[in-house]
Amino acid sequence: MSHKTAIYPGFFDPITNGHLSIVSRALKVFDRLIIAILKNPHKAPLFTIEERIYMIKQALKSETNIEVDTFDGLLVDYAVKRKSNVVIRGLRALSDFEYEFQMALMNRKLNRNIQSIFLMTDYKWFYTSSTIIKEAASFGGDISGLVPKLVNQKLKEKFGYAKNS
């Protein structure tokens, strides 16, 4: 029996419930999922790679068919290295589709064997993003319910809102 593995790439700074929605949907279609954190030198993350890996693994600790990995360089090269030809991309609003469509076309130009599959997040996550969540958390906003509990706690710690009790 052949197992189909998909790659879900992203920055995941931090992982949100919207990301987890995409993971859940992808696991209904694929046997295995590699969550691949991009090491992007052009972005300044709030969390280190190690912190992001830890939070993702904790949020998905009940899933046995998930691997968390990191990569730099071209996604299509990483996919070939990992022996997968499927890339999962999450969509929220129409603006996401425009960007993701351009990326999928470029990936297709670079390697015609790599297929991009777009999955919609649950409707309740349409207007959330890691960036918006971090901004709200930086001002002490209540972001519970938008991220896993551990991520909420780590955001509070980063921004100095953790309770000392």
For residues that are under 16 Å from THR16 (Cα atoms) and of a type in the set (S, T, N, Q), scanning just the range 132-165, find the one that is surrounded by the most Cβ atoms within 10 Å (Cβ to Cβ). ASN152
Considering (1) of a type outside the set (Asp, Glu); (2) without any contact (Cβ under 8 Å) to a residue 60 or more places away in the chain; (3) within 21 Å of ALA59 (Cα to Cα); (4) part of a loop (DSSP other than H, G, I, E, B), say which one THR128 fails and leave the rest. (2)
Residue within the range 49-61 that is buried (at least 17 other Cβ atoms within 10 Å of the Cβ), more than 25 Å from ALA137 (Cα to Cα) and either out of contact with any helix residue (DSSP H, G or I) (no Cβ under 7 Å at 6 or more places or on another chain) or at pLDDT 95 or above (or both) present: no
For ARG112, work out the one condition from (1) under 25 Å from ILE53 (Cβ atoms); (2) in a loop (DSSP other than H, G, I, E, B); (3) charged (D, E, K, R) it doesn't fulfil. (1)
Do we find a residue being of a type in the set (Lys, Arg) and in contact with a Phe, Trp or Tyr (Cβ under 6 Å, 6 or more places away or on another chain) anywhere in the range 149-161? no
Quickly run through the range 96-149 and pick out the residues that are farther than 22 Å from LEU74 by Cβ and among the aromatic types (Phe, Trp, Tyr). TYR123, TRP125, PHE126, TYR127, PHE139
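The values are calculated or read from the model by the stated rules, or taken from the named source; none is laboratory data. Note that the coordinates shown come from a computational prediction; the quantities given were computed from them, not determined experimentally. In this analysis, Cβ positions are derived from the backbone assuming ideal geometry, glycine residues included, and neighbour counts consider all displayed protein chains.
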